[in-house]
1. Might you check whether a residue that is of a type in the set (Asp, Glu), closer than 30 Å to Ala229 by Cβ and surrounded by 21 or more Cβ atoms within 10 Å (Cβ to Cβ) occurs anywhere in the range 134-142?
2. Could you tell me which residue of the range 411-438 is farthest from ligand 2 (Cβ to nearest atom), considering only residues that are touching a Leu at 6+ places or on another chain (Cβ under 8 Å) and in a loop (DSSP other than H, G, I, E, B)?
3. Return only the number of the condition from (1) surrounded by 16 or more Cβ atoms within 10 Å (Cβ to Cβ); (2) of a type in the set (A, V, I, L, M, F, W, C); (3) within 30 Å of Ile184 (Cβ to Cβ) that Met573 does not satisfy.
4. Would you point out the residue of the range 343-356, among those that are touching a Pro at 6+ places or on another chain (Cβ under 8 Å) and within 18 Å of Cys428 (Cα to Cα), that is farthest from ligand 1 (Cβ to nearest atom)?
5. Do we find a residue being free of Cβ contacts under 8 Å to residues at least 60 places away in the same chain, of a type in the set (A, V, I, L, M), open to solvent by less than 10 Å² (accessible area, probe 1.4 Å) and within 16 Å of ligand 1 (Cβ to nearest atom) anywhere in the range 182-195?
6. Looking at the range 408-440, which of the residues that are out of contact with any strand residue (DSSP E or B) (no Cβ under 8 Å at 6 or more places or on another chain) and away from ligand 1 (no atom under 16 Å from the Cβ) is nearest to Ser599 (Cα to Cα)?
7. Condition test on Pro265, is it of a type outside the set (Gly, Ala, Ser) and farther than 27 Å from Thr506 by Cα?
8. Only one of these conditions is not met by Leu319: (1) within 16 Å of ligand 2 (Cβ to nearest atom); (2) farther than 27 Å from Tyr658 by Cβ. Which number is it?
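The values are calculated or read from the model by the stated rules, or taken from the named source; none is laboratory data. On a predicted model such as this, the values are computed, not experimentally measured, just so you know. A quick note on method: Cβ atoms are made from the backbone with ideal geometry, for glycine too, and the neighbour counts reach across all protein chains shown. To get the accessible areas, we keep the full protein, side chains included, count just its heavy atoms, and leave off ligands, DNA and RNA. Shrake-Rupley method; radii C 1.70, N 1.55, O 1.52, S 1.80 Å.
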Amino acid sequence: MIHCDSDLHVSGKSDFVDDVEPPANLLHAAVFYSPVAHGKISGLDTGQAMQAPGVICVMTHQDIPGNRYIGAVVQDEPVFAHEEVMYQGQPVALVIATSKLLARKAAALIQISIDPLEVIVCPREAAAKGQTFEPKRTLTKGDVDAAWSDCDTVVSGRLNCGGQEHLYLETQRARAIPAEDGQIRLNVSTQSPSAVQRSVASVLDIPLHKVEVDVKRLGGAFGGKEDQASQWACMAALAAMHLRKPVQLVLSRQDDMRMTGKRHPYHQDFKIGLDKRGRILAYQLELYQDSGAFLDLSAAVLERTLMHSTNAYAIPNVLVEATMCRTNTPPNTAFRGFGGPQGMFPLEAAIYKAARHMGVEPDFIQEQNLVNDGYTFPYGQTLKNCQLPRTWESIKEKFDLAAVRKRIDGYNKVHRGSKQGYAIMPVCFGISFIQTFLNQGSSLVHIYTDGSVSIASGGVEMGQGVSSNLIAIAARTLGISDKRIRYNSTNTSRIANISPSAASSTTDLNGHATIVACEKILSGMKAVAAKFCGTSIEDISIKDEQVYAQGKPGGLAWNDLVSRTYTSRYPLMAHGYYAPPELHFDTARQKGNPYKYYSYGTCLIEVTVDCLLGRYTVDAVKLVHHLGRPIIPAIDRGQVEGGLAQGIGWVTLEDLVYDRHGQLLSDSLSTYKLPNGSFLPDQFNIEFIEDASTPGGPLKSKAVGEPPFMYGIAAFFAIQKAIDAFTEQQSTGNDKSRNEMVSPMTPERVLLALYPDAYPEFG
Ligand code: LUZ
Ligand code: MOS
């Protein structure tokens, strides 16, 4: 089986929000946003815009009947700025016109006067000036202060890692259609239909049952539509209710890049202590999260950063402190990995630095410290069935690490103008929402009298393949062909209180719920089949669309069984609910058992750096990922390849540049460089360890969405390795470039690092 949307996608026939046949009287909205990053609004003049061709009306915060603030966790974010603007791109007003173009043209005519206030775009500066959300958080294990004196090597350093633009293909958009009796229906590109429903109900001041949110599929999301799809839906809903007409809002690419939050940049100070054998005795980390202007999901993201700050390493003494820093940039948000990558990255930097200090390879230290069964993470969960060392061993043996090292050393000896490097990244990623209550899935399965089946669940199809996965799960559970099954849109009227499709858990949670629903229906069908075959229910099974009694064909095919079940008055529809047991986490103490299981894998990346130009190529990716038993292997492979490419992009090319006025300079695809097909390596060796013996998701599968992202971090250290091979040979003895590491490692930064003495002003 392949992705169930493949044919529609490649023929351009799949419907996204604005492809659905528009109602005849559909109006279009465009957002007017703040041109400056921080200031007091002293005047807003919408007069000219109101007079522009095609304009129906202009709306501001004064036109909101209910709550003027939204936010899934804390409602601190104004739908429209009033009094103060906090970032460039913050929505201030909405223009509604007869076409998208006319609405956008009119929005450009709105005049705003702003008295500027100080702009902060650096999290450290925000922290120094007391611009923080909530008190500092601390995670501890053992006693780092007591451990430093036992260490033979202690090094410290700094890493600034950048944010990342989601660049979903489909920008943020929503269509709102008013209905009878004050109801409203919305088509929204969101990972979280219920979050949109709650925000819309709150700003309109109407009950949730009057708001129906429908999501057919998304053109990508990556976390960018977990919390940040709500604002646009609220605007479309406000306009639709105000005008009693359907209204659609579609952000242009550039507006989307300016207005929406991104992966959180973090600044990090680390200190690591090791014994002579390379065992890590202590690790201390101070994190400055760039939360942006409002809270959004920053607190949850920070929590995952803390939890993953020791990644795949068993460290006895740990102290991590973290501050959420308020800056004048769009509120940063969920992005594949959800803070995990920013937690893992500085420890790799610390290991890299310690390895140089000790004169060993980083992988020597990595290998001494890999987690295994019985290790208790600083947040209290103890590892069982740990598969990480297995994946590390496979990298060493299958891909012959010793030979790779020898080949690269040989290359570097004879090449002066270019250097190679490699790095390894082990990943141990916790699977579940860290907010325990979100770990619930729902599925509604209908079997119709012609034998066809429809599934609706809380899972939103965003290209990741949850629709195909749930179809495959239902097909196997019911014993029928996947061709009979259709995945319905995700709709708040079919499923209530939907958890966001996020945390790599969508197939896990909704897949289990689908099994529960199918089994409920099967119990009635089997009773009917048992009566037909003259045997007991336990002896009945359904396989290949035929009933079997005690393993022998029972002479009853699927269609007949369905009709008989219907006329015998057993239900052919069922709702399944699933909540994984035994999860808990105490936020106040930062201790608990938040994860159902872990995802494991190890990745090796090789690069070549052109030491004249600073350019580099990623030559090879070799990775071993523990997968359980994939539901649809091609989909899991796609997730691994896509995640890896996105992770490599994060640490190499994708540079978000703000100037000191808080203006995003890399706000288009010509200034924000994404890794493309030709940037990715020719050698893309992905090995799966398929192993259904460890606990995981439905049908022994394992979550695979986010973990591969973090393999990309290896690209950063592979490039650093090549740079060091060059500077050592030049014997400049200048170690400045490594005191503070900066990600992404763009070719420009590589060039500066290759010739630190040539560009001292950038040091
Ligand atoms: N979203 C969320 C997530 O709300 N909680 C999580 O723990 C999470 N983890 C990964 C990605 N999204
Ligand atoms: Mo996510 S970062 O799983 O929305």
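1. Filtering the range 134-142 down to residues of a type in the set (Asp, Glu) leaves 134.
Retained after the next criterion (residues that are closer than 30 Å to Ala229 by Cβ): 134.
Narrowing the set further to residues that are surrounded by 21 or more Cβ atoms within 10 Å (Cβ to Cβ) leaves none.
The answer is no, given that none of the residues of the range 134-142 is of a type in the set (Asp, Glu), closer than 30 Å to Ala229 by Cβ and surrounded by 21 or more Cβ atoms within 10 Å (Cβ to Cβ).
2. Ranking the qualifying residues of the range 411-438, first place goes to Gly417.
3. Evaluating Met573 over (1) surrounded by 16 or more Cβ atoms within 10 Å (Cβ to Cβ); (2) of a type in the set (A, V, I, L, M, F, W, C); (3) within 30 Å of Ile184 (Cβ to Cβ) leaves (1) as the failure.
4. Ile351
5. Let us first name the residues in the range 182-195 that are free of Cβ contacts under 8 Å to residues at least 60 places away in the same chain, namely 182-186.
If we keep only those that are of a type in the set (A, V, I, L, M) too, we end up with 184, 186.
Cutting the leftovers down to open to solvent by less than 10 Å² (accessible area, probe 1.4 Å) gives us 184, 186.
Applying the additional criterion that residues be within 16 Å of ligand 1 (Cβ to nearest atom) yields none.
Within the range 182-195, none of the residues are free of Cβ contacts under 8 Å to residues at least 60 places away in the same chain, of a type in the set (A, V, I, L, M), open to solvent by less than 10 Å² (accessible area, probe 1.4 Å) and within 16 Å of ligand 1 (Cβ to nearest atom).
6. Asp409
7. Values: of a type outside the set (Gly, Ala, Ser): yes; farther than 27 Å from Thr506 by Cα: no.
So Pro265 fails the test.
8. Answer for Leu319: the failing condition is (1).
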